[in-house]
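**Student:** One structure follows; several queries about it will come next.
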Amino acid sequence: MKKTGQVHSGSNIVSPKESAVPTVCCFCHKHCGIIAYVKDGVLQRVKADPAHPASRGDICPKVAAAREVVYSPDRLKYPLRKTKSGFQRISWDEALDIVSSRLLEIRAKYGAETLARCQGAPVSLAAFDCFRQLLASYGSANSTGAAHLCHVPRMVAFDTVYGGMPQPDYENTGCMIVWGCNPIDTRAYEFAFGRYARLIPQMKKRGAKLIVIDPMRTSLADLADKWLAIEPGTDDALALAMLNVIISEGLYDKEFVAQWTVGFEQLAEHVEQFTPEWAQDITRLPANEIREVARLYATTKPASIRDGNSIDMYPKAVQTARAIGILCAVTGNLDVKGGNVFFPSPNLAPRMARPTKAKRMSADKYPLLPEIPFPYFMDAVLSGEPYKPRAMFVHHANPALINADSARVRQALEGLELLVVCDIFKSATAELADIILPEASDYERYGVECYASAEGGFVALMQRVIEPVGESRPVFEIEYELAKRMGLEAAYPWTNTEEWINYKLKPAGITLEKLRQQPVIYTTPPVQYKKYLKNGFNTPSGKVELYSQRLRDHGYPPLPPYKDLEAGFAGQPALLEKYPLIGTSRKIAVYVHTRFRNIPSLRKIEPEPLMRIHPQDAQPRGVNDGDLTAVESPKQKVEIKAKVTTDVLPGVIAIDFGWGNPWDPGPDVNILTSDEDRDPISGSTPNRRFRCQVAKANSSL
C-alpha cells in the first residue's frame, strides 16, 4: 500500500480525499512540470514539480491561475451554431453532422483543396498535429496559421545556412547576445520566474557578458553589459555591419571557415559595403558601439546568440536571420560547448501524411515554407486566385488578432462559406465562426511533450487530471468523429488521444502505459559537441553555406542583402509628415499571445493595454502619463492610454499586443499594421513596424 505523500507515477494521495497528479503545463512552449491537486474530481490548485527536468520547480503566474482557466465562466462548454440572433447551443451530433455534411458538399462542388486548417502557436504536440490527418484524408494540403510570424522564417533561414536550428548553450557560454527577444517580458517562465532568473547572475559571476539588442529598455536590458537600443526593423543592417567588422579585422575563426564553410570569399566581398558608419544612421547605433559589440562577440570564446520572435515579424525575416546565423558560424561558435548547439531531441512519429496528389496552394510562390503564409491565404479568399478557399478549421489560433491588417483578416474570414473554430474560449476569431466546438483543456485530456536538452532528448506525460468541463471534448476525439461521418476513418492510424500518443511514441520505443509508470523518459544520450566532425552539416554541401546556392536556385539572393523598410515612402514627404512616428508592438509575459486576458489574477498584473511614448514625443503633443490618446496609421485609428517613459526611443511608440478579444477592452494593435510588404521567402509582414501619429483623444491628428 502506498503511503500518504509518496511520489509515484500516477496520482499521489495526499489526503483521504485529495490526490496529487504529476503532469505538464501546455499553456506556453516551456512545458513546465507541475503537480495538479484534485479533490472529489475538482481541480483545486497547481504547484511546480521540483523533479521535472525542464523546469526544476519553477512556476509562473499562468500555471498558478490554472484553476481559474479551467473553471472560467468564459469556458466554451457546448457546441454553438451561429444564427441571425446570435450563437445557439446545439448538440454534438448536430454540430458534427452540420460540419461533415457541409464539408462533403464543398468538396463535391469546389474540390478538396478548398478546405484549409489554421494552426496557432504549437504550444503542444496536440496543437501541432490536430486536424492534419482530416485535411490530408479529405484531399487538401492547405495548412496555414501564424508560421510566417513565428519561428518558421528563422527555421528556414538557419536551415539554408547549417541544415538545422541550433540553440544557445546558456550554462557554458562566455558571452550571450539576446537579439530580437525579450524573455523577461514575453516569456516569463524563462527569465522572470524560471531558472534563467538564476542563470543570468551566475553568468555574470563567472565573468560572462550579456548583450541585449532591443528597441525598448527591458528588465533584461537593465541587466546587460551592453544594451543596443536599435530602431525597429533594422536588425539586418546591424548584423551585416558586425560581419563587416569581424571579417575586415580578421576576427573570424579562420580554421573553421576554411574547412567547414562554402562561399566565404563571396561573403567577404559582399559585406565590404556595410560598414558601421553606413549602419549607424539606419540603426541609430553609434558606429563605435557596433564595432565594440562585434569585437566582443567574436573574441569571447565561447559565445552564443539567442535569436527571437521579433526577427520573424518583418518583410525581410529570412535574410536577417541568415545574417545572424552566419555571424555564429564565421566566429566558430557553432555546435561547440557554450555556443549555439544542436541539442538532441526525441525521435517521434512525423506529422500525418499529405495526400499524394494534393499541392499546397502557395508551393510555387513560397517553395521553402512548409505552410501557407496567412496573408497569401487571405489573398486567395478575397481574389479567388489561384482559387478561392471555401472552408477552414481553426484550432488554438486567433488569426483575427494575430495577423497584420486585422480589418482585412476579418473580411477574408467572413468570406468563407464554412468557418469552424475549436477552442476553450470564444476568441475574436470564434465570434466570426459558423460552428464553435468546445475543446477540453490541457487538464482534461492526455498528451505527450518532447524536449531537447544538453542532458538528452526526453518525453514527458501530460495526464488527464479531471473530466472535461461541460460537454467539451479532446480535440482528437472531435477530429476522428468528423472523419467517421465523412467516411475517412480508414486513413487514420489512431481513433482517440491515447492511440495518437502511442502512434507518436512508437519510433522512440515507448508506449503511453510505460509513460504512466515513468512520466519522464530520456530517449537519447546527452549532447555531443562538434558533431559535424563526424557527420558534416545537413546541407547539400555538407558544410555551412554562407553563400546559398539553394536560395539562388529559387530566385532569391544567395547572400543576405539589406532591405530599407522606408523605401515605400520614397517620394511621399507628405505621408511621412502626416505619420512621423514609428510604431512597434510589445508582448506581455503574463499572457500567452492573445490568451488569458479574461483571467482575473492575471488581469491584476497587467490590467490594460498601454501605448509607450518617449517624453520628447509626448510633450509637444500635450500627452501626459495616463492620458487617453488616439494613434493613427495609414490603415486605421485606435484609442489607448499613454505611458510616458524613456524605455522607448524618441520617435518610436510601442503598443501592447494581444488585446481585442470579446472579454478585454482592446484595442487590437494589428488594426494599425499593413500586410502589403512581405518577405519574398516566408511571406512575413511588418507587424513590428508601422508609421503613425499620436494625439490626445478627441483632438485633431
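The values are calculated or read from the model by the stated rules, or taken from the named source; none is laboratory data. Being a predicted model, the structure only gives us computed values, none of them experimental. Neighbour counts are summed over all protein chains in view; Cβ atoms, including those assigned to glycine, are modelled from backbone coordinates with ideal geometry.
**Student:** Considering only residues that are touching a helix residue (DSSP H, G or I) at 6+ places or on another chain (Cβ under 9 Å) and more than 25 Å from L199 (Cβ to Cβ), look in the stretch 9-41 and name the one that is modelled with the lowest pLDDT.
**Tutor:** Residue satisfying both the conditions and the ranking: S9.
**Student:** For the stretch 475-496, how many residues are under 19 Å from A95 (Cβ atoms) and in contact (Cβ under 8 Å) with a residue 40 or more places away in the chain?
**Tutor:** 10
**Student:** Return yes when R516 is surrounded by fewer than 17 Cβ atoms within 10 Å (Cβ to Cβ), modelled with pLDDT under 95 and part of a helix (DSSP H, G or I) and no when it is not.
**Tutor:** It is true that R516 is surrounded by fewer than 17 Cβ atoms within 10 Å (Cβ to Cβ), modelled with pLDDT under 95 and part of a helix (DSSP H, G or I).
**Student:** Out of (1) touching an Asp or Glu at 6+ places or on another chain (Cβ under 9 Å); (2) farther than 25 Å from E479 by Cβ; (3) surrounded by fewer than 24 Cβ atoms within 10 Å (Cβ to Cβ), the odd one out for Q411 is which?
**Tutor:** (1)
**Student:** Tell me which helices (runs of 4 or more DSSP H) are completely within the stretch 346-464 and hold 1 or more residues being polar (S, T, N, Q) and farther than 21 Å from Y110 by Cα, or say none if there are none.
**Tutor:** Per the criteria, 406-414.
**Student:** What residue, among those in the stretch 329-364 that are within 29 Å of A404 (Cβ to Cβ), in contact (Cβ under 8 Å) with a residue 40 or more places away in the chain and not small (G, A, S), is surrounded by the most Cβ atoms within 10 Å (Cβ to Cβ)?
**Tutor:** That would be M361.
**Student:** Let me ask another. For the stretch 551-597, name all the residues that are surrounded by 16 or more Cβ atoms within 10 Å (Cβ to Cβ) and not in a loop (DSSP other than H, G, I, E, B).
**Tutor:** L551, L581, I582, G583, T584, S585, R586, V592, R595
**Student:** Go through the stretch 654-671 and count every residue that is more than 21 Å from F374 (Cβ to Cβ) and buried (at least 23 other Cβ atoms within 10 Å of the Cβ).
**Tutor:** Adding up the residues that qualify gives 1.
**Student:** Quick check, is D222 of a type outside the set (K, R), over 20 Å from P560 (Cβ atoms) and free of Cβ contacts under 8 Å to residues at least 24 places away in the same chain?
**Tutor:** yes
**Student:** A further question on this structure: Output the number of residues of the stretch 465-495 satisfying the condition of being under 25 Å from the mean Cα position of the chain (by Cα) and assigned to a loop (DSSP other than H, G, I, E, B).
**Tutor:** The qualifying residues number 1.
**Student:** So, one more: Give the stretch 476-500 a look and list any residue that's of a type in the set (A, V, I, L, M) and at pLDDT 95 or above, or say none.
**Tutor:** I478, L482, A483, M486, L488
**Student:** If you don't mind, there's one more thing I want to ask. Which of the following residues is touching a Pro at 6+ places or on another chain (Cβ under 9 Å) and more than 29 Å from T584 (Cβ to Cβ): Q266, Q280?
**Tutor:** Q266
**Student:** Scanning the stretch 212-234 for residues that are part of a helix (DSSP H, G or I) and in contact with a strand residue (DSSP E or B) (Cβ under 8 Å, 6 or more places away or on another chain), which turns out nearest to R691 (Cα to Cα)?
**Tutor:** Applying the filter and picking the extreme gives A221.
**Student:** Checking I655 against (1) within 30 Å of I599 (Cβ to Cβ); (2) in contact with a Pro (Cβ under 6 Å, 6 or more places away or on another chain), only one condition comes out false. Which one?
**Tutor:** Against the list (1) within 30 Å of I599 (Cβ to Cβ); (2) in contact with a Pro (Cβ under 6 Å, 6 or more places away or on another chain), I655 comes up short only on (2).
**Student:** Restricting attention to the stretch 222-229, does a residue exist that is over 22 Å from P276 (Cβ atoms) and either modelled with pLDDT of 95 or more or not assigned by TED's automatic domain parsing to the domain that holds L649 (or both)?
**Tutor:** Checked against the condition, which is being over 22 Å from P276 (Cβ atoms) and either modelled with pLDDT of 95 or more or not assigned by TED's automatic domain parsing to the domain that holds L649 (or both), the stretch 222-229 yields at least one hit.
**Student:** So how many residues does the stretch 672-701 have that are more than 16 Å from L581 (Cβ to Cβ), buried (at least 19 other Cβ atoms within 10 Å of the Cβ) and not basic (K, R)?
**Tutor:** Total satisfying the criteria: 8.
**Student:** I'm trying to understand the selection: among the residues of the stretch 125-171, which are closer than 23 Å to Y314 by Cβ, in contact with an Asp or Glu (Cβ under 8 Å, 6 or more places away or on another chain) and part of a helix (DSSP H, G or I)?
**Tutor:** Within the stretch 125-171, A147, H148, L149, V152, P153, R154, T160, V161 qualify.
**Student:** Can you name the condition, by its number, that L267 falls short on among (1) surrounded by 21 or more Cβ atoms within 10 Å (Cβ to Cβ); (2) touching a helix residue (DSSP H, G or I) at 6+ places or on another chain (Cβ under 6 Å); (3) closer than 11 Å to V330 by Cβ; (4) touching a residue at least 60 places away in the same chain (Cβ under 8 Å)?
**Tutor:** Failing condition for L267: (2).
**Student:** Count, please, the residues in the stretch 480-491 that happen to be crowded, with 17+ Cβ neighbours inside 10 Å and out of contact with any helix residue (DSSP H, G or I) (no Cβ under 6 Å at 6 or more places or on another chain).
**Tutor:** Of the residues in the stretch 480-491, 1 are crowded, with 17+ Cβ neighbours inside 10 Å and out of contact with any helix residue (DSSP H, G or I) (no Cβ under 6 Å at 6 or more places or on another chain).
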